[in-house]
Amino acid sequence: QVQLVESGGGLVQPGGSLTLSCAASGSAFSMYAMGWYRQASGKQRALVARITSGGSTTYADSVKGRFTISRDNVKSTVFLQMNSLKPEDTAVYYCRADRTISSYWGQGTQVTVSS
């Protein structure tokens, strides 16, 4: 069992930056692939970025070059550094942990990009 708690969301102006954190409790964090997803109002939840247990990363085309996912296995935390934010990045951002057939979600953190 893994519990995930996201933090770091908030209101930011276009062009600004935010860093989201997702702290995991439970064992074997390093064995999990970790992902950030987002769900804008009226839209389906979609993958933003993912990092495997080995450190390989993938990104949605819409965030490539602007967002960076990373993990700290000692602190059992995954991060999402978001730069050059746009209004269309506004959404609730969720953290997810995957290992074989098990998946766990955090409760989400709101990111609003607006002037």
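Observations, loosely collected:
- Check on residue 52, touching a residue at least 12 places away in the same chain (Cβ under 8 Å) and open to solvent by 30 Å² or more (accessible area, probe 1.4 Å): yes
- The set of residues from segment 14-43 being free of Cβ contacts under 8 Å to residues at least 12 places away in the same chain and either open to solvent by less than 50 Å² (accessible area, probe 1.4 Å) or more than 20 Å from residue 114 (Cβ to Cβ) (or both) comprises just one member, 27.
- Look at (1) at pLDDT 95 or above; (2) open to solvent by less than 50 Å² (accessible area, probe 1.4 Å) and you find that residue 11 fails only one, number (2).
- As a summary of the residue check, residue 30 satisfies the conditions (1) at pLDDT 95 or above; (2) more than 13 Å from the chain's Cα centre (by Cα) except for the one numbered (1).
- Scanning segment 48-63 for residues that are polar (S, T, N, Q) and assigned to a loop (DSSP other than H, G, I, E, B) gives 52, 53, 56.
The values are calculated or read from the model by the stated rules, or taken from the named source; none is laboratory data. A quick note: this is a predicted structure, and the numbers were derived from the prediction, not measured. When we count neighbours, we look across all protein chains shown, and the Cβ atoms used for this are built from the backbone with ideal geometry, even at glycine. Ligands, DNA and RNA are stripped out before the accessible areas are found, and what is left, the full protein with its side chains, is counted by its heavy atoms. Shrake-Rupley method; radii C 1.70, N 1.55, O 1.52, S 1.80 Å.
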